[in-house]
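Following: one structure in C-alpha cells, then a few remarks.
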Amino acid sequence: MIATISSLAVALALAPEPPIQRPTAPVSAPDASAPATESVAVEAEATPPEEPPTTDVASEPTAEADPVTTEVEATSEPATEAAPAQGGEQLHVATERPGPPYYTEEDLAELRARHEVIVESPPPRAPARWRCLIADPTCRHTFELQAMGAYALRVRQGDTTGDSVDRWSSARAQYDFWMSLPALAETEGKSRYTRISLGPKGGVIFSDTGDLWGNLGIAMRYWLGRGRWAPSIEVTSALSFKLGTKTPRGDADLDPKFRMDRGPVGFTADVGVGIGGFGAIVLGGQYDSPLAREDIPEEYRVYTSGMFYVGFRGNILWGGPAAAAVAAHASTRGVQRP
C-alpha cells in the first residue's frame, strides 16, 4: 500500500502545472479508505496526463477587439434606417433645394387641405392692346394721340369802348399728344394696376375759318375699374396761346391768306367721362386774355374772348374720335365769323 501511494505521488509530481488563465477542474484525490490495487498504479503510470488547451497570447488582443467591432457595427447599423414616426406613419423629410421657394406646390396644397384653407387665385391678366398706345389700367406708361371734335359756343368782346359782345356758334377740332405716368398704382396678386395716371400734354386747336391756338398743360385720368372697358374720369388743363388766323371772307382790304397772329396766354380746361382709353364725352371751356392797348394798331389788337364746348374725344387709333375731329375741322371752314 505504501508503494502504491508513493507511485501516485511521483505521478502527480511529474505532471505539468495547469495554466493560471484557464484552470481545469480539480482532480479529486483517491479515497484513502478505498482498497488500492496494482491495476490502479499501472493505469496511472501508463496513461499520460491530459495537456491543457494552449492559448495563443498574440491572438488574445484580436479576440478582445472582435466584440468591440461587432458592437460598433451593431450600433451603426440601425442608424441608417429611418425611424418611424408616432402612430406608425413614416416621417416625410423635404429634400433641400439650392434656393427659394423651399416648398413645392404639392406641399402647399397639402398644408391648405390640412387646415381647410381655400385660396382663390385671381384670373390671369389680359394683355394690353396696341402696346399701351391705347390707355389701359394694366399699363404703366401710356403714349396717346388724342383727337376731339366739339360744338363750341363762342363769345368775344366787340369793342373796348363799349359793352357790345359778339356771340356765335362754331366748331372746335383739337389734336393732342398725351404721356400718362402712373401716379397711384394698386397690386392684386402678381398683377399691377394703375388707379390714377398723370402726365404732360400738348397740341393744337382749330376753330372758325382758320383760328389756330396751341396748348401746353397736364392731363389726369382716374380709373373706376380694372378692366379694358373700365370707366374713367379725365381732367385736363393747359395754357393756350394764339398762333395765327385768317382774315374774314369778303373783306377786300385785308389779305385773305393765313397770317401769324400771336396773342397773350390764355387758359383752357375740361372734364370728361370715358370708357376705357377709347373715348370720352367732354365738357370744357377756354379763355383768351386781351391785348388791346391804345398804342397797338387796330388790326393787331386782340380782344377778350372765349368759348364753351361739348364734344367727343378719344384715341385716334380707334378711328371714331379721329373721324369726329376731321368732321369738326372741315365744318369750321363754312362758319362765317362776325
Only residues of segment 191-221 count here: report those whose backbone N is under 16 Å from the spot 7 Å along Cα→Cβ of F241, or say none. 201-205, 212-218
Run through segment 144-191 and list the trypsin sites (Lys or Arg not before Pro) located in a DSSP loop whose Cβ has at most 15 other Cβ atoms within 10 Å. K190
Under 19 Å between alpha carbons, and skipping anything fewer than 8 positions from K242 in its own chain: which lysines qualify? K201, K257
Those lysines that a straight Cα-Cα span of less than 22 Å connects to K190, excepting residues fewer than 8 apart in one chain: none
Rounded, prolate or oblate (a/c below 1.5 giving rounded, otherwise prolate when a/b exceeds b/c) for segment 135-334 by Cα gyration tensor: prolate
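Go through segment 166-246 and name the chymotrypsin sites (Phe, Trp or Tyr not before Pro) that are in a DSSP coil and have 11 or fewer other Cβ atoms within 10 Å of their Cβ.
When the chymotrypsin sites (Phe, Trp or Tyr not before Pro) of segment 166-246 are filtered for loop state and at most 11 Cβ neighbours within 10 Å, W229 remain.
Relative to the present Cα-Cα distance, how much length would full extension add between R192 and W318 at 0.36 nm per residue of separation? Spell out each step's value before the answer.
Details: separation 126, 0.36 × 126 = 45.36 nm, distance 2.48 nm.
Gain in length upon complete extension: 42.9 nm.
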In sequence order, calculated HN-Hα J values of segment 133-149 (Karplus, 6.51, -1.76, 1.60; Hz; x Gly/Pro): 6, 10, 4, 8, x, 7, 8, 8, 10, 10, 10, 10, 10, 9, 9, 9, x
Between D166 and R131, the FRET efficiency computed from the C-beta separation at R0 = 51 Å comes out, to the nearest 0.05, as 0.65
Pop a pseudo-label 7 angstrom from the Cα along the beta-carbon direction at both E120 and L145 and give the gap in nm to one decimal. 4.3 nm
Measuring from its Cα centre, segment 135-334 shows a charge dipole (+1 at each Lys and Arg Cβ, -1 at each Asp and Glu Cβ) which, in debye to the nearest 20, is 920 debye
Would you mind checking which residues have amide H under 5 Å from G263's amide H? H placed 1.01 Å from N; only 5 or more apart, or other chain. K242
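Rule-based calculations on the coordinates, nothing more; no lab input. Worth saying up front: this structure is predicted, and the values here are computed from it rather than measured. Cβ atoms come from the backbone with ideal geometry, glycine included; neighbour counts cover every protein chain shown.
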